[in-house]
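Engineer: My questions all concern the structure below.
The values are calculated or read from the model by the stated rules, or taken from the named source; none is laboratory data. What you are looking at is a predicted structure, and each value in this text was computed from that prediction instead of being measured. For neighbour counting, all protein chains shown are included, and Cβ atoms are generated from backbone atoms with ideal geometry for every residue, glycine included. All accessible areas refer to the heavy atoms of the entire protein, side chains included, with ligands and DNA or RNA removed. Shrake-Rupley method; radii C 1.70, N 1.55, O 1.52, S 1.80 Å.
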Amino acid sequence: SGGSNDNNTIIVGADTTFPPFESEVNGKVTGFDIDMVKAIAKKEGFKVEIKTMPFEGLIPALQAGSLDMAVAGMTIKSDRMKNVNFSNAYYKSGLSILVKKDSKIKNVKDLKGHLVATKKGTSSVDYLTSHGVNGSDIKQFKDINDAYQALENGGADAVLFDNPVNINFKSKRDNVKIVGGLLTGEYYGIAVNKKKADLLKKVNDGLAKMKKDGEYKKLFDKYLDGDT
Ligand code: GLN
């Protein structure tokens, strides 16, 4: 069972609209998460095949058994733990609010009554719902780039999303700003098919080795330098 197509190849789901953790550059999937998973596989002696899909499809695919694990800057959340197992945390993150430079929105309270764009199926949707942003005021996109585009063309008043991804977008523009600071503490983990207890152990072992031998730090410096 599971998605493995041979004994030693692990099928890894990834979402490609989450830079710098993962993105597609010239048809190639790249980023911190991708390199991390490859490094873990090398240390633990298995091969990986990356299968990309929208974020919202990852947990259902793990449950259906078409994926063995998924790496997608996925926030470790208790409701998700009913459906997948999580590795130990590999990154401390949080959500933030991105607006146009001339916006009057200053914090999460100001979001009420505004159109807020984000990615479908993510922790940001849960956050907005529990902070008084009404259902139809949340504009949900499969691709976060469409949320940023909505902000730029006036289709949304703010984007609420994972802070490192907001920072990544902001670094390419001079017409946007982040307001209200870091809204939550969230930890990213690798999601593993619940039937793959051995794989979960290997992932945690490989992660621990990477942290110990400096490979994790090397990747951090390569992709996340200046990320605060
Ligand atoms: N960290 C967020 C979540 O897990 C978003 C992840 C993503 O868009 N890839 O819901």
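Engineer: Checking Ala156 against (1) more than 16 Å from the ligand (Cβ to nearest atom); (2) surrounded by fewer than 19 Cβ atoms within 10 Å (Cβ to Cβ); (3) not in a strand (DSSP E or B), which test does it fail?
Structural biologist: Evaluating Ala156 over (1) more than 16 Å from the ligand (Cβ to nearest atom); (2) surrounded by fewer than 19 Cβ atoms within 10 Å (Cβ to Cβ); (3) not in a strand (DSSP E or B) leaves (2) as the failure.
Engineer: If Thr118 satisfies all but one of (1) more than 13 Å from the ligand (Cβ to nearest atom); (2) open to solvent by less than 20 Å² (accessible area, probe 1.4 Å); (3) touching a helix residue (DSSP H, G or I) at 6+ places or on another chain (Cβ under 6 Å), what's the number of the condition it fails?
Structural biologist: (1)
Engineer: Which residues, taken from the range 4-35, are more than 11 Å from the ligand (Cβ to nearest atom) and part of a strand (DSSP E or B)?
Structural biologist: Of everything in the range 4-35, those that are more than 11 Å from the ligand (Cβ to nearest atom) and part of a strand (DSSP E or B) turn out to be Asp6, Thr9, Ile10, Ile11, Val12, Glu24, Val25, Lys28, Val29, Thr30.
Engineer: Within the range 66-89, is even one residue farther than 22 Å from Ile178 by Cβ, assigned to a helix (DSSP H, G or I) and within 13 Å of the ligand (Cβ to nearest atom)?
Structural biologist: Checking the range 66-89: at least one residue is farther than 22 Å from Ile178 by Cβ, assigned to a helix (DSSP H, G or I) and within 13 Å of the ligand (Cβ to nearest atom).
Engineer: Pull up the range 198-228, narrow it to residues that are in a helix (DSSP H, G or I) and without any contact (Cβ under 8 Å) to a residue 24 or more places away in the chain, then point me to the one that is nearest to Lys100 (Cα to Cα).
Structural biologist: Asp221
Engineer: In the range 44-61, is there at least one residue being in a helix (DSSP H, G or I), away from the ligand (no atom under 16 Å from the Cβ) and under 29 Å from Gly214 (Cα atoms)?
Structural biologist: Yes, the range 44-61 contains a residue that is in a helix (DSSP H, G or I), away from the ligand (no atom under 16 Å from the Cβ) and under 29 Å from Gly214 (Cα atoms).
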